[in-house]
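The structure appears right after this line, and notes come after that.
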Amino acid sequence: MQFEYSAKTKMYQEQLTDFMTKHVYPAEHVFHEQLEKAPSRWQVPPIMEELKAKARERGLWNLFLPESSRGAGLTNSEYAPLCEIMGRSHIAPEVFNCSAPDTGNMEVLERYGTEEHKKQWLGPLLEGKIRSSFAMTEPKVASSDATNIESSIVRDGDHYVINGHKWWTSGIGDPRCKILIFMGKTDPKNPDRYKQQSMILVPRDTPGIKVLRLLTVFGYDHAPHGHGEVLFENVRVPASNMLLGEGRGFEIAQGRLGPGRIHHCMRQIGVAERALELMCKRSHERTTFGKRLSENDVTLERIAQARIMIDQARLLVLHAAWMMDTVGNKAAKQAIAEIKVAVPSMTLQVCDWAMQLHGGGGVSQAFPLAAMWAASRTLRFADGPDEVHRRQIGRLELRKHM
């Protein structure tokens, strides 16, 4: 494993850092002001499209999609440090067209879509003209075991008819959302539980799609993106919208979730770095009992421990990225599972220490820390809960000694 970043990565790091400093950080408060003043929270603040245009003009666009001519041609190892920089701001990933669930959906279309799928949906997504959603999790079953999914996809001549109840369908609140990837069962009686499911493309404007409500995360609605609880009632789509073929849903899910998990963890390193930065600045600014907070042993202890934990987590992420590049996503599954458990927990602790040092302001909208903590806590569920990943890690480790 090489610890030195490539020349391409260093170039992008410099350009991204410069763009973040000059354009993204100053725009964070503008984004929220425009959202609050808009007639509806479910419309896109104009500042976002302005930033996207600038980023695309600078060539800071579609940096994901490893080794693809449609992206920047970066490996996972090259992309990881860049994703970390983007993770420092909650608006940054979209600015560079590198935000979830679009990145995962674009990777699915790139790997498993037909030429017609790519022309109709992947092209506009890569251009940042539309957004997408991913409908997998269901409220009536424990979706940590995806074989529990009950939604149905039934063939009817040249169409499939879809029925199901989904939630945490991220991106459904965005008015630019034009396409969903839906996971359901095409063969519920198949003795192989992992060949019962399929994935299919569903245009957002198809009749029968009803958003029951938009869910909050610790009170945050994440507008205009949003996470919806959605009902699909007799939704008909062309049979040609099926991805890869019936019974291939789990195969696609693993291809999608591997990169998605590592992208989340890369961004989490950036979140933790920004929390530590805010913590250090605050410790210099505040005085209690006659001395600065930075002079207290407990503050120094927490800052030091945060530095150690972030650097440890970064090395784990870079190792997982290197594994994905050298032996493939499937062989790297233990490394991916390890970071999915370790990194969000690390970020939560660093954010917690930073909030504690900020006092009451730390849990308010005066600082980004509370929102950072809430988003990080959610990642202990997203793309599989900690318990599922620990189970996988334990079983894989046991096999080595049997």
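The values are calculated or read from the model by the stated rules, or taken from the named source; none is laboratory data. Since the structure is predicted, the reported quantities are computational estimates derived from the model, not experimental observations. Reconstructed Cβ throughout: ideal geometry from the backbone, glycine too, with neighbour counts over all protein chains shown.
Given the condition modelled with pLDDT of 95 or more and farther than 25 Å from ALA313 by Cβ, answer yes or no: does some residue in the stretch 77-98 qualify? The answer is yes, given that some residue of the stretch 77-98 is modelled with pLDDT of 95 or more and farther than 25 Å from ALA313 by Cβ. Here MET48 passes the criteria (1) within 30 Å of PRO203 (Cβ to Cβ); (2) free of Cβ contacts under 8 Å to residues at least 24 places away in the same chain except the one numbered (2).
The numbered conditions (1) touching a Pro at 6+ places or on another chain (Cβ under 7 Å); (2) surrounded by fewer than 22 Cβ atoms within 10 Å (Cβ to Cβ) are all true for SER240 except (1). Checked across the stretch 246-255, the condition of being modelled with pLDDT under 95, touching an Asp or Glu at 6+ places or on another chain (Cβ under 8 Å), not assigned by TED's automatic domain parsing to the domain that holds HIS159 and not in a strand (DSSP E or B) holds for at least one residue.
Scanning the stretch 55-114 for residues that are assigned to a loop (DSSP other than H, G, I, E, B), more than 14 Å from the chain's Cα centre (by Cα) and of a type in the set (Ser, Thr, Tyr) returns SER68, SER69, THR75, THR114. Per the listing LEU293, LEU243, LEU278, the residue uniquely in contact (Cβ under 8 Å) with a residue 24 or more places away in the chain, touching a Leu at 6+ places or on another chain (Cβ under 8 Å), hydrophobic (A, V, I, L, M, F, W, C) and within 30 Å of GLU150 (Cα to Cα) is LEU243. GLN356 meets each of the listed conditions (1) part of a helix (DSSP H, G or I); (2) on the phi > 0 side of the Ramachandran plot apart from (2). Checking each residue in the stretch 359-384 for being in contact (Cβ under 8 Å) with a residue 12 or more places away in the chain, of a type in the set (A, V, I, L, M, F, W, C) and outside any loop (DSSP other than H, G, I, E, B) picks out LEU369, ALA370, ALA371, MET372, TRP373, ALA374, ALA375. Counted as qualifying within the stretch 128-173 are the strands (runs of 3 or more DSSP E) with 3 or more residues that are surrounded by fewer than 21 Cβ atoms within 10 Å (Cβ to Cβ), namely 152-156, 159-170.
GLU233 fulfils the conditions (1) in contact with a Gly (Cβ under 6 Å, 6 or more places away or on another chain); (2) surrounded by 16 or more Cβ atoms within 10 Å (Cβ to Cβ); (3) among the acidic types (Asp, Glu) except for a single criterion, (2).
Note on the stretch 174-222: residues that are closer than 18 Å to SER40 by Cβ and part of a loop (DSSP other than H, G, I, E, B) amount to 7.
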